[in-house]
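Asks: Structure incoming, see below.
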Amino acid sequence: MIAGLSVHALAPDGFVSDAAGDALYAALIFALGVCVAPRAPSWGVAAVALAWCTAVELFQLTGLPEAWGAAFRPLTLVFGTVFAAEDLVMYALGIAAASGIDVLVRRRPSPA
């Protein structure tokens, strides 16, 4: 979460900051899913996280997130503003990276 907010606040606007922000947002959604359902398989949490991110991105097509963000700026951090198809790719990459790390951590032998 800190990394995502740092990119949002400190990185210059452009493709790199947008892509990093999208990937980190998706990784955060995945991490929240793991916290809510720690025994769920990583692929299941990843599927739910990708569905959430896709739904939020498609919701932007309604124009409501942009209007809500104009009224209360912090909502743009949750719902974004305008639809961008490339965001869907970055969400998938962010979730894939987070899921990969999750799988590696879960397979690591626990200390005796």
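FYI, it's all coordinate maths here, none of it is from the lab. Small disclaimer: the values here were computed from a predicted structure and weren't measured. Here the Cβ is made from the backbone with ideal geometry for all residues, glycine too, and neighbour counts use every protein chain on show.
Asks: Between L77 and R39, what is the label-to-label distance in nm when each label sits 7 Å out along the Cα-to-Cβ direction?
Replies: Going by the 7 Å Cα→Cβ label model, 3.3 nm.
Asks: Computed FRET efficiency, Cβ-Cβ of E86 and S110, R0 41 Å: what is it to the nearest 0.05?
Replies: 0.55
Asks: Given that just one value was derived from the coordinates, which of [x] 1.14; [y] 0.93; [z] 1.20 is Cα Rg over 2.2 N^0.38 Å?
Replies: Computed from these coordinates, Cα Rg over 2.2 N^0.38 Å corresponds to label [x].
Asks: Next question, about the same structure. With θ set to phi - 60° and the Karplus curve 6.51 cos²θ - 1.76 cosθ + 1.60, what are the ³J(HN,Hα) couplings of the stretch 37-47 in order, to the nearest whole Hz, using x for Gly and Pro?
Replies: Ordered by residue, 3J(HN,Hα) equals 10, x, 8, 5, x, 4, 5, x, 5, 4, 5 Hz.
Asks: Now, a different point. Go ahead and run the numbers for FRET between V103 and L61, Cβ-Cβ distance against an R0 of 41 Å, rounding to 0.05.
Replies: 0.80
Asks: While we're here: Would the stretch 66-112 count as rounded, prolate or oblate if I go by the C-alpha gyration tensor, calling it rounded below 1.5 in a/c and otherwise prolate when a/b exceeds b/c, oblate otherwise?
Replies: oblate
Asks: HN-Hα J couplings of the stretch 57-70 from phi, Karplus 6.51/-1.76/1.60, θ = phi - 60°, integer Hz, Gly and Pro as x?
Replies: Couplings: 5, 5, 4, 5, 5, 6, x, 5, x, 5, 5, 5, x, 5 Hz.
Asks: Would you grab the residues whose amide H sits under 5 Å from the one on G80? Only those 5+ places off in sequence or on another chain, please, with H modelled 1.01 Å from N.
Replies: For G80, no residues qualify.
Asks: When the helix-only estimate is applied to the chain (DSSP H runs of n ≥ 4, each -39,500 (n - 2.57), divided by the residue count), what is the mean residue ellipticity at 222 nm, nearest 500 deg cm²/dmol?
Replies: -24500 deg cm²/dmol
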